[in-house]
Amino acid sequence: MLGEGIIKGMAETARNFLGSYVSAERLTTVQYPEERSVQIENARQFPFLVFDGDDPMKGLRCVACQICEKECPPKCIYIVKSKDKRADYKGQMQLYPTTFNIDLSVCMSCGICVEVCPFESIKMNTEFELSTTDRFGGLLVNKHQLAKSNDHYRKIHPTDASSSDAALAVEVAKAQAKAKADVEAKAKAAAEAKAKAVAATPVAPQPVAAT
Amino acid sequence: MTLPFAIIAILIIAAATAAMTLRNLIHSALAVAVSFGGLALAYLYLDAQFVGLTQILVYVGAVAILIVFAVLLTRGGEAPEKSVFSASWIWGLLITMSVFATLAWSVLHSFASQREPAEKVGATVKQIGDALMTKFVLPLEVIGLLLTAALIGAVIIAMRDESPKTKMEDGRSKMDKSSVPSSILHPPSSTGGRQ
Amino acid sequence: MTPLVGYLLLSAFLFAIGLAGALTRRNAIIVLIGIELMLNAANLNFIAFWRYGENPEVLTGIMFVIFAIAVAAAEAAVGLALIIAIYRHYKTTNLDEVNTLKG
Amino acid sequence: MTDSLDQIFVFVKHWLLDQLANVLPPAIMPLVSSVMSLLPVLVVFPSLFALTTVFERKGLGRIQNRYGPNRVGPFGFLQFAADGIKAIIKEDVVPRAADKVVHFIAPVILVITALTVYAVLPFGRNMVAADFDAGLLFFFAVGAASELAVFMAGWSSRNKYALLGAMRAVAQMVSYEIPLILSSVAVVMITGTLSLPKIVAAQSTHAGLLPDWFVFTPWGFAGFILFLIAANAELNRSPFDLPEGESEIIAGYFIEYSGFKFALFFLAEYLSMFALSGLGITLFLGGWNAPFAALEFIPSWAWFFIKLLTMIFMFIWTRGTLPRLRQDQLMNLAWKFMIPMVLVNLVAAAVWHFTGPGITRWFTSGALVLGAYMLLGKPQFESKDIGKRTYRFAD
């Protein structure tokens, strides 16, 4: 019959119209500010800096190596190295960034900075409510705004965070083992030196002082 | 002279003058539409309701549209560089002035010029319809024939001469003739794309 | 009410404007518009004479105008079709240039 | 009691006129009277427009299993206020190359023509602003003037999309005006009048169960459907929204309008939609008449608005259902289906009129309409072998 398709279509839309009032599961819309859809784990928006411990500025993992600054395709990262050094998580003395700015209006969320960072320091955040009334400075964020705790990272990306923690733990363990080995080696060397010294004392009075 | 008549007259004359003098053809067409509308108001003011509304329907709704379409189809939408008036415009103006002088003289000296209107005029739609179907049925049929002839004639005159070569078949049958787009047969290769 | 002379003068003036346009303008479409204005001036005359006439109940004036409008519509359609055909041929609608028959 | 409720607006108007007659000179009283008839139209229909925008968005949303606007005010019903404020305070940008004067007056003319047609619509018993003898002709004449306004809007913007949209709109409106007028002519043939209140009066009787509305006759039903399709096309609403198809020519003829002028285009579009719905109600759905004698206690103007809201819902429903046509399909539908169908419908109406009352005229008139429908529709919709689509390259 002619015009049948039109009537079928009208019936279908009528069913949708009435059905949306009857069954709530038809409505796929999320009422955004009140209810939020669960973010999937690999969601990423813009980078942030991870810190350990309680003090964001002291615990910052970043050592101002500037690899991310060089790799960033749209060049939205700006880093100034510090003059002095401080101990990092491994206990090594490292530089740290006095300035670490990211222009989020330029950032394209590619995640290359995360790929290249050797210190597990920069990661992608899931924060997306970034609207601001300031057109120029509002999206230029500094290191105080960028610094987020490791707990935050564990919360938003649990899998990545655990692997990152594991990698860091391995590093720390390695470092500690090395340190221990160094200490032992030093102790051994010291002991040997001592023994030598003890043995040699009658013969030569002070070899170091002699040179 | 009453105020409504004065307003209508000024509207008609101003719009008609604008239509005849403006450089831009679309402006001319729009001005003449205003003039037609003013004439429709004059008809309504003269108790000729049916004619007034027909005037709007035919002239503003159809003829003005036809004119703007013709202007756009002949690329006349831009204002011309040269003068818009013909080379022999002075003769045209002289003829016009003499014609108007003759008309005005005869109107002013006519015995009927100071006549006042009949008190109550009934030209209802029903009366007009009855008249069209009884007394004026032959002219009505002739007009119908004329309109049909004009319709066919206008279509034939304005129709583009189509050579059979350029005539397109509908897309479906064209696609089925195994005419594969060349870009699919010869994809751009890495060696420069040219065979 | 305005006496009949008002309408007649208005109609004569409108006719003159249309005639002036038809005789002096270069563009064929404007010439056609001028002719339409002249036809309308005649229609106004018919309506005025019908309204001020001896026996308006006969409706002759109204009938005349209705038929004139129909004829004018047909005329406009055919005229504009002719103008489009001329434009296709000469690539212009300037009447000063369409003068092949002039010899 | 029911009578006084029915005529309450008429009484109020007469009372006010009597009061004003003491103060004002008698020369301007006809003017005052017509202003008082038109004032409610100027208030009611723009507010109906405001509500309809919200209703339409909510309805379309529900059809697509969404909520629609539900933020501003209770259930989002104050959305129109937010939209209106936004439209008013926005910057009014006029293109530098545009024809400033024409660009400015085009939306104004469009709104004026859309409002003028309400003068002849009967909203209730004794409720018509101007009872023209040629009311239907007035409606179509004024409606025809809006085509020129559409063209002006498109041409003056100096934008190719606007010009294309305007040309499409004008071609479409001219084509569909013929079936629109001819489908109404069937009603005029039966009632023998162009006056809309008289057409309503002709449908006020009851024959058996059904009221004597023209939609309950074979020719009237076909005429009503054809009228609806033609009205949909005349209003440039989906599925005939080619002139303003968002995915093709962005917004068509009002692409270069912003701010308040843009809102005026929407106002004009919706006002013409209400006016054409009102005309359809008057011609085919019995105007302000109640469907059953038992329901006559509901005032006539309420019936008009109930029917109007139903028609508006029909428009929203079709918009939510049908996809946009192609330009050639649009023209084919107008010239190869609608116009022959409407002409046959006129014959069917004549047959109905001249065959005496009884079952025969139902059969003859109905068979005529149905036969024409099957014959004309078949090549239109079914000849194309729309089989299952096969893909040559994509598997």
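The values are calculated or read from the model by the stated rules, or taken from the named source; none is laboratory data. Keep in mind that this is a model prediction, so the values were computed, not measured. Cβ: placed from backbone, ideal geometry, glycine included. Neighbour counts: every protein chain shown. SASA here: full protein model, heavy atoms, side chains in, ligands and nucleic acids out. Shrake-Rupley method; radii C 1.70, N 1.55, O 1.52, S 1.80 Å.
Here is a check on your reading of the model: is D:Ala81 more than 14 Å from chain A (Cβ to nearest Cβ), open to solvent by 30 Å² or more (accessible area, probe 1.4 Å) and not β-branched (Val, Ile, Thr)? Can you show your working first?
Details: more than 14 Å from chain A (Cβ to nearest Cβ): yes; open to solvent by 30 Å² or more (accessible area, probe 1.4 Å): yes; not β-branched (Val, Ile, Thr): yes.
It is true that D:Ala81 is more than 14 Å from chain A (Cβ to nearest Cβ), open to solvent by 30 Å² or more (accessible area, probe 1.4 Å) and not β-branched (Val, Ile, Thr).
Suppose we filter segment D:220-260 for residues that are open to solvent by 20 Å² or more (accessible area, probe 1.4 Å), under 10 Å from D:Gly165 (Cβ atoms) and part of a helix (DSSP H, G or I); how many remain?
2
Could you go through segment D:121-134 and let me know if any residue there is within 11 Å of chain B (Cβ to nearest Cβ), in a helix (DSSP H, G or I) and either under 18 Å from the mean Cα position of the chain (by Cα) or not polar (S, T, N, Q) (or both).
no
Yes or no: D:Leu194 modelled with pLDDT under 85 and open to solvent by 10 Å² or more (accessible area, probe 1.4 Å)? Show your work before the answer.
Working: modelled with pLDDT under 85: no; open to solvent by 10 Å² or more (accessible area, probe 1.4 Å): yes.
No: the conditions fail for D:Leu194.
All but one of (1) under 16 Å from the mean Cα position of the chain (by Cα); (2) surrounded by fewer than 22 Cβ atoms within 10 Å (Cβ to Cβ); (3) touching a residue at least 60 places away in the same chain (Cβ under 8 Å) hold for C:Arg26, so report the exception by its number.
Exception for C:Arg26: condition (1).
From the set of residues in segment D:33-55 that are without any contact (Cβ under 8 Å) to a residue 24 or more places away in the chain and surrounded by fewer than 16 Cβ atoms within 10 Å (Cβ to Cβ), which is nearest to D:Phe305 (Cα to Cα)?
D:Val44
Which of the residues spanning segment C:1-37 are β-branched (Val, Ile, Thr) and out of contact with any Leu (no Cβ under 8 Å at 6 or more places or on another chain)? Show your work before the answer.
Applying the first criterion (β-branched (Val, Ile, Thr)) to segment C:1-37 yields C:2, C:5, C:17, C:24, C:29-31, C:33, C:35.
The answer is C:Thr2, C:Ile33, C:Ile35.
Within segment D:282-315, can you find the residues that are open to solvent by 50 Å² or more (accessible area, probe 1.4 Å) and closer than 20 Å to D:Glu234 by Cα?
D:Leu309, D:Thr310, D:Phe313, D:Met314
Report the residue count in segment C:51-69 for those that are part of a helix (DSSP H, G or I) and either open to solvent by less than 20 Å² (accessible area, probe 1.4 Å) or more than 7 Å from every other protein chain (Cβ to nearest Cβ) (or both).
The qualifying residues number 12.
Could you identify the single residue in D:Asp99, D:Asp18, D:Asp6 that is surrounded by fewer than 18 Cβ atoms within 10 Å (Cβ to Cβ) and either at negative phi or out of contact with any helix residue (DSSP H, G or I) (no Cβ under 9 Å at 6 or more places or on another chain) (or both)?
None of the other options fit; the residue is D:Asp18.
Quick one: which residue in B:Gly92, B:Gly76 is closer than 27 Å to C:Ala77 by Cβ, assigned to a loop (DSSP other than H, G, I, E, B) and either modelled with pLDDT of 80 or more or at the interface with chain C (Cβ under 7 Å from one of its Cβ atoms) (or both)?
Result: B:Gly76 is the single residue among B:Gly92, B:Gly76 that is closer than 27 Å to C:Ala77 by Cβ, assigned to a loop (DSSP other than H, G, I, E, B) and either modelled with pLDDT of 80 or more or at the interface with chain C (Cβ under 7 Å from one of its Cβ atoms) (or both).
Conditions first: (1) open to solvent by 60 Å² or more (accessible area, probe 1.4 Å); (2) more than 13 Å from chain D (Cβ to nearest Cβ); (3) at pLDDT below 90. B:Leu11 passes all but one, so which condition is the exception?
(3)
Among the residues of segment B:14-27, write down those that are buried (at least 18 other Cβ atoms within 10 Å of the Cβ), within 7 Å of another protein chain (Cβ to nearest Cβ) and under 21 Å from C:Ala42 (Cβ atoms).
Within segment B:14-27, B:Ala16, B:Ala19, B:Met20 qualify.
Are there any pairs, at least 6 apart or on different chains, whose C-beta atoms fall under 9 Å, with the first in segment A:27-46 and within 27 Å of A:Arg15 (Cβ to Cβ) and in a loop (DSSP other than H, G, I, E, B) and the second open to solvent by less than 100 Å² (accessible area, probe 1.4 Å) and small (Gly, Ala, Ser), and if so, which?
Cβ pairs passing all conditions: A:Leu27/A:Ser20; A:Thr29/D:Gly61; A:Val30/A:Ser37.
Output the number of the condition that D:Thr318 fails; it satisfies all remaining conditions of (1) surrounded by fewer than 18 Cβ atoms within 10 Å (Cβ to Cβ); (2) within 14 Å of chain A (Cβ to nearest Cβ).
Every listed condition holds for D:Thr318 apart from (1).
Does segment C:80-101 contain at least one residue that is part of a loop (DSSP other than H, G, I, E, B), within 9 Å of another protein chain (Cβ to nearest Cβ) and either buried (at least 22 other Cβ atoms within 10 Å of the Cβ) or at pLDDT 85 or above (or both)?
yes
Give me the residue from segment D:152-169 that is open to solvent by less than 10 Å² (accessible area, probe 1.4 Å) and touching a residue at least 60 places away in the same chain (Cβ under 8 Å) and, out of that set, farthest from the chain's Cα centre (by Cα).
Checking each candidate, the answer is D:Ser157.
Considering each residue of segment B:1-52, count those that are assigned to a helix (DSSP H, G or I) and under 30 Å from B:Ser83 (Cα atoms), and give that number. Even if it seems obvious, please write down each step before you answer.
Residues of segment B:1-52 assigned to a helix (DSSP H, G or I): B:3-21, B:25-45, B:49-52.
Restricting the remaining residues to those that are under 30 Å from B:Ser83 (Cα atoms) gives B:9-21, B:25-39.
Number satisfying all stated conditions: 28.
Could you say which residue among A:Glu4, A:Glu35 is open to solvent by 80 Å² or more (accessible area, probe 1.4 Å), within 14 Å of chain D (Cβ to nearest Cβ) and over 27 Å from A:Phe128 (Cβ atoms)?
A:Glu4
Could you check D:Ala263 against (1) in a helix (DSSP H, G or I); (2) under 23 Å from D:Ala233 (Cβ atoms) and say which number it fails?
With (1) in a helix (DSSP H, G or I); (2) under 23 Å from D:Ala233 (Cβ atoms) applied to D:Ala263, the lone miss is (2).
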